[in-house]
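The values are calculated or read from the model by the stated rules, or taken from the named source; none is laboratory data. In this text the structure is predicted, and so the values were computed from the model without any measurement. Note that each Cβ is placed from the backbone with ideal geometry, even for glycine, and that neighbours are counted across all protein chains shown.
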Amino acid sequence: MARTGGRHTIRVMNDRTRLQYRPNGYPELGLVPRTFTARYRKDANLKTLRRRLEKWEIERGSPFFQARNLEKINPKLAFELVNVYVAMRERYPQIRPDFIDFASNDIGQDTMAEAFSYSDTLPTVRRIMSNYETLDVLDGDDIIEIAMGENIDGKTLRKLRTEIRTVTEETVRDPGTSGAIFFGDSFRNSHMYRKLLKFWDIRNQRAAERGHAPRTVWAAVSPASFTMIHEFGHLVEAELMSRGYKPVERVYRRLSEAVLGTANPNERQWRYHLINYPTYDFTKIKGRFRGGPERRRDTKKFLHHTIREKLGMYATTYRDELFAESFAQAHTAERAALRNELRPFLQGLRAEGIGAKRLPNRQG
């Protein structure tokens, strides 16, 4: 971090392929914890850091939280990701992950990271278990036994059995939490991380040579921290969707104003209101006026240039990725102007009860 005239400025990295860890977070972006201390030292013990993070989560209502495989990644990166994660949790206390796997073997080799939302994938389990206080980690047999006492119908029971297979496969511990975040091989060690940076750099250079926007707009944080916030953003959107259609529409209206420049668009304006942008098939809440396949293709084609110039190519793939990229750029964009443009989007989330109205007081 450079300091000029008493003001904090963000140092832009010229060599995009050089590993530059920030183990103590990003104070110039506010991405440092207020209620948790994780100051990196060369003799730092990652198992101790993992236990401290799990204890911090337990004290905040997540009794089964796990920081899986934290000790398997570079120590400086481990401290960086923990600092960024806690800072995001302080900003969005409603988002309580079940666990984070920092070096997962359970996602595809070509996948950097992924978020797994429980409200999307375990709705029946969550509905049945909402009447009970979870006192211990439950397995599928426990949930079925509880469900049988509820006298549920056959269709619901079949859904429940399907979801329980997911609980077992994904080693879910607390279905009542927001979900889980998995990191793949890309950040497991310095060699893999550097390989990813070189790939991103080459890909963006080729895009620039062709006059195209980059796949991902450069941020003022490392790719690992950006990925953490992007995946966290998927859990934020899942929480938003659990609150119903109207909150989703209002937030996407704010996002449409920021990204497309449209003033207070109506959801019927399917090319000017991003709630109608094409989504993944599994997305729970879709735009009411998104239309059929042909209209969705036209929407993508019509908005593709505007979105990619603001947020990069990846944001154009689906509405879900547009949300997560916007969320991550709102917190970390290298250009302060872009962060300011996206600020009303974050304000829209807070207006729907997602996000802290004020950050907690600093400890120590």
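Give me the pairs: first residue in the stretch 19-36 and within 15 Å of Pro223 (Cβ to Cβ) and surrounded by fewer than 18 Cβ atoms within 10 Å (Cβ to Cβ), second residue among the hydrophobic types (A, V, I, L, M, F, W, C) and modelled with pLDDT under 95, beta-carbon distance under 8 Å, and six or more apart or on different chains, which are they?
Matching pairs, first to second residue: Leu19/Leu197; Gln20/Met13.
Is at least one residue of the stretch 317-326 out of contact with any Pro (no Cβ under 7 Å at 6 or more places or on another chain), buried (at least 18 other Cβ atoms within 10 Å of the Cβ) and of a type in the set (Val, Ile, Thr)?
No, there is no match, as no residue in the stretch 317-326 is out of contact with any Pro (no Cβ under 7 Å at 6 or more places or on another chain), buried (at least 18 other Cβ atoms within 10 Å of the Cβ) and of a type in the set (Val, Ile, Thr).
Looking at the stretch 184-297, what helices (runs of 4 or more DSSP H) fall wholly within it and have at least 3 residues that are crowded, with 21+ Cβ neighbours inside 10 Å?
Result: 223-241, 245-260.
What residue, among those in the stretch 77-117 that are within 16 Å of Ala238 (Cα to Cα) and polar (S, T, N, Q), is farthest from the chain's Cα centre (by Cα)?
Looking at residues that are within 16 Å of Ala238 (Cα to Cα) and polar (S, T, N, Q), I get Gln94.
Which of the numbered conditions does Leu77 fail, given that it passes all the others? Conditions: (1) at pLDDT below 95; (2) buried (at least 18 other Cβ atoms within 10 Å of the Cβ); (3) of a type outside the set (Lys, Arg); (4) in contact with a Phe, Trp or Tyr (Cβ under 7 Å, 6 or more places away or on another chain).
Only one criterion is unmet by Leu77, namely (1).
Check whether at least one residue in the stretch 5-12 is closer than 25 Å to Ile181 by Cα, at pLDDT below 95 and not in a helix (DSSP H, G or I), and report yes or no.
Looking for residues that are closer than 25 Å to Ile181 by Cα, at pLDDT below 95 and not in a helix (DSSP H, G or I), one finds none in the stretch 5-12, hence no.
Report, by residue number, each residue of the stretch 96-152 that is within 30 Å of Phe79 (Cα to Cα), modelled with pLDDT under 85 and in contact with an Asp or Glu (Cβ under 8 Å, 6 or more places away or on another chain).
Scanning the stretch 96-152 gives Asp106, Ile107, Gln109, Val137.
Do we find a residue being free of Cβ contacts under 8 Å to residues at least 40 places away in the same chain and either more than 27 Å from Val82 (Cβ to Cβ) or touching a Cys at 6+ places or on another chain (Cβ under 8 Å) (or both) anywhere in the stretch 210-231?
yes
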